[in-house]
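Q: Take a look at the following structure, please.
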Amino acid sequence: MKRNIFIAFSMLTAFIYVKQLKKYQIQKITILGNIMTTKNEVVKLIPKGMYECNAAKIRRNMIKMPWVADCTVKKVWPYEVVVFIEEEIPIFENANFYITSVGKMIKKDSREYPISRIKFSGKFVASEIENAFKIMSQHEDLLEKVDAIHRKREDRFDLNIKNKTIKCLDGDLNRCIIRYLSLPKYIPNSKNIDLRHPQRAVFY
């Protein structure tokens, strides 16, 4: 008799549990802060029911994504999950990678980052890009103005700054930037500023 009562009670509990699971199915997923992380990528990590939804586990999986620097996952009962994403911010790019504000390199795919950043062109190796990142990070005011860094040949490169071309010698980026920033406020309205000579600037 007791056994039958126990079995009946267990079946009733299981029935109620399954009914509750069906009742609290996730009906809305709100994603905030994403630019490069797609909704489909996030939705794949979230189960169908609120009871199975483990916010900490979802967060751990989210921060493994290349563009996610950090995130917060919240369950809003009875039917919603909210995901707040803090994405990496690229400030450089070359043909194959985006380089973020903390020096992380993210491999490019078919998605184009919609916000402007400094473009590398020419034959730069990874160590040169990392070095340029460290130097440019010391001059935050200039970061917003530089559009591109072009390797012209082995011994020199150009900085493109707001429709101006700054000509620099290879391995001399920091000195070139310091010289450019120290130029008088009123300089000739020229498209090219040649700073390759150590003691004079040429405008043309």
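Q: Can you find a residue that is within 19 Å of E93 (Cβ to Cβ) and touching a Phe, Trp or Tyr at 6+ places or on another chain (Cβ under 9 Å) anywhere in segment 181-194?
A: No; the residues of segment 181-194 include none that is within 19 Å of E93 (Cβ to Cβ) and touching a Phe, Trp or Tyr at 6+ places or on another chain (Cβ under 9 Å).
Q: Something else now. Among the residues of segment 64-91, write down those that are among the β-branched types (V, I, T), part of a strand (DSSP E or B) and either surrounded by 14 or more Cβ atoms within 10 Å (Cβ to Cβ) or outside the structural domain of I29 (by TED's automatic domain parsing) (or both).
A: Here is the first cut: in segment 64-91, the ones among the β-branched types (V, I, T) are 68, 72-73, 76, 81-83, 85, 89, 91.
Within this subset, residues satisfying the condition of being part of a strand (DSSP E or B) are 68, 72-73, 76, 81-83, 85, 91.
Listed by number, the residues that qualify are V68, T72, V73, V81, V82, V83, I85, I91.
Q: Ok, one more. Quick one: in segment 103-117, of everything that is assigned to a loop (DSSP other than H, G, I, E, B) and in contact (Cβ under 8 Å) with a residue 24 or more places away in the chain, which residue is nearest to the chain's Cα centre (by Cα)? I'd like the intermediate steps shown before the answer.
A: Applying the first criterion (assigned to a loop (DSSP other than H, G, I, E, B)) to segment 103-117 yields 103-104, 108-117.
Now restrict to residues that are in contact (Cβ under 8 Å) with a residue 24 or more places away in the chain: 103, 111, 113-117.
On the way: G103: 10, R111: 12, Y113: 9, P114: 11, I115: 11, S116: 12, R117: 11 Å.
If we take residues in segment 103-117 being assigned to a loop (DSSP other than H, G, I, E, B) and in contact (Cβ under 8 Å) with a residue 24 or more places away in the chain, then Y113 is nearest to the chain's Cα centre (by Cα).
Q: Okay, next question. Please go through segment 80-103 and pick out each residue that is touching a Pro at 6+ places or on another chain (Cβ under 9 Å) and under 27 Å from I46 (Cα atoms).
A: Correct list: E88 only.
The values are calculated or read from the model by the stated rules, or taken from the named source; none is laboratory data. Predicted model only: the values in this text are computed from it and were never measured. Note that we place each Cβ from the backbone using ideal geometry, even for glycine, and neighbour counts take in every protein chain shown.
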